[in-house]
Every structure is written in C-alpha cells, then in structure tokens.
Amino acid sequence: MSVEKTLSLLQERTARLEAGHVWLAGAGPGDLGCLTLDVVSALTQADVVVHDALVDPAVVAIAEGAELFYVGKRGGQLSITQAEITARLIALAKAGRKVLRLKGGDPYVFGRGGEEALALAREGIPFRFLPGITSGLAALGSIGIPPTMRGLNKAIILATGQTADPGDELDWRALARTGQPILIYMGLKILGRITAELIAGGLSPDTPAAIVMSATTPRERVHVATLGTIADDAERLGFASPVLTAVGRIVSMRAELLALAGQAQK
Ligand code: SAH
C-alpha cells in the first residue's frame, strides 16, 4: 500500500480534534520520521499549535495555516513562565480553539506535561494525551546503544540534571550504587558534578559513557569516553544543549555494533 493510501485510511480512523479540546502531544526526538501517526494527524487538524524550542520547525510546518505560539526558551531563559503557558492553553480552549500542545520527546517525560494535564483537568477542559518517543531512548538506540541488554542491565534510570531548586538535587551516589545504567537529561551544565558524584558513589572512572547532542537531527554529534573524562570532553568539544549523557556498560555496545556493521566510528 502506498504511504498516501495508508495515511488516508488512517485519517478515517484517527480521533477528531474538537473545538475547545487540547491535545497534549510529543513530537519525538527531532527526526520527522519519529513522529507518531496520531501526532501527524493532530498537526493537520489543529487550528493553534503551542510548541517548545525542541520541536523541529519542519514538524510545526505540517500545521499549515494554524496559528503558532512559541513558548520555548530564548537565550537559555524561558521567555514565558509555566503558569503563563498553562493559562494560555486554558484560554485558547475556552475560546473554542482546536489546541495542539506540542513538546519535544514525550510530553510526560521531563516535559512538565503532567502539570499541564492536571491544570486542564482542574478546569474541566477535555484533553487527550498523545505519546511521543522520548529523546533519551531514541538517542541511545540511534547511536547503537540498546537501552537494555540481556546480561548487562535489568533497569535503566532516566534522570534529570535540572532541579526545581538547588537543594532538590538527585542522590547520584545512590543511583550509582544500583549498578544500572543512567541516562541523564538536561545535565550538561552540572555534568562535572554529576560524574564526580557517580564516582563517589562507587562507579569506576573507567565506566563507559557517551554524550549525544541533537540526536536524530542533522546537527547530531556523538562522543564516547569514560565517566572520568566525559564532562571535560563535552566542554572541550563544545557540546551544547540539547544533550543526553549515558553512563554504563551498555555504552560499550556501540563500538561492538559499529565494528560488526563495518562502519567507521563517528
Ligand atoms: N520531553 C522530552 C525531554 C524534555 S527535557 C523527551 O521526552 O525527550 C529537555 C532535554 O531533553 C534536553 O535538555 C536534552 O537532555 C533532552 N533532549 C531532547 N531532545 C534531544 C535531542 N534531540 N538530542 C539530545 N537530547 C535531547
């Protein structure tokens, strides 16, 4: 079946985005191919799209004719507060718009989608959740690192390097003691501190570590090193947000896979 025909069949089956409703959706890691079909459908139905910085312009461009609200960061600072974003979603829904709230990755994974859902529910605004592929898992897989690998790990820890306030930081030493791989979102600024804490928690400085910037996009960059050197390397090599860092034995799968696949290492 052609892509066109498949999409047209799908169009008959996907839910309708109604006036006064909000769909809380994830755009995936960046690559257009990582969008779900539900999100593609939502983009064609919405008359207003409220989106973050991590959503690729090519994705937003699918919503031809829709009004666009950019609510991401400018110069590293949120130009609009979370309360203002939520208030805007509520106001647009109450004005009878068909609202698509589009976030990078999955809206409920370090995306504050949960807070927005609660606020919409409190106001009695009908909303629907459309999952997206979270960047962490997509990034790892696409650079040749399976998030789980029989014999290597039984869990994978998704952790954030960003906290609401400085006293609220994760107990990295406790995470290190689990011996399970750790995938760090938003950790670039404090990567030196995180890696030092993981070592203090008992992980060897030789533990494999990888950093990936702008995964699945043309700007993607990958660097594989060790826990002891990854933070300095990231700085020296000029890695800039958005960046994910993976720590653990699963990282060594990349070299093995690339060697077997006969590809040159990036
Ligand atoms: N909801 C998103 C995460 C939002 S937090 C998700 O599920 O993916 C923002 C962080 O996500 C960034 O600081 C970075 O750590 C990570 N991130 C998002 N997209 C990325 C990408 N394409 N490449 C690398 N990291 C990415």
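The values are calculated or read from the model by the stated rules, or taken from the named source; none is laboratory data. Remember, predicted model here, so these are calculated numbers, not experimental data. Reconstructed Cβ throughout: ideal geometry from the backbone, glycine too, with neighbour counts over all protein chains shown.
Here is how the numbers come out for the structure above:
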read-out	value
Test: residue in segment 2-19 that is within 16 Å of the ligand (Cβ to nearest atom) and more than 18 Å from residue 125 (Cα to Cα)	no
Segment 207-255, residues that are among the β-branched types (Val, Ile, Thr) and in a strand (DSSP E or B)	211, 212, 222, 224, 226, 243, 245, 247
Top-ranked residue of segment 1-32 - restricted to ones that are surrounded by fewer than 13 Cβ atoms within 10 Å (Cβ to Cβ) and in contact (Cβ under 8 Å) with a residue 60 or more places away in the chain, ranked as nearest to residue 88 (Cα to Cα)	19
Filter pass, residue 91 being over 23 Å from residue 178 (Cβ atoms) and surrounded by 15 or more Cβ atoms within 10 Å (Cβ to Cβ)	no
From the options 179, 144, 151, residue that is touching a residue at least 60 places away in the same chain (Cβ under 8 Å) and on the phi > 0 side of the Ramachandran plot	144
Candidate set from segment 236-258 (those that are surrounded by fewer than 12 Cβ atoms within 10 Å (Cβ to Cβ) and either among the charged types (D, E, K, R) or farther than 19 Å from residue 139 by Cα (or both)); member that is modelled with the highest pLDDT	236
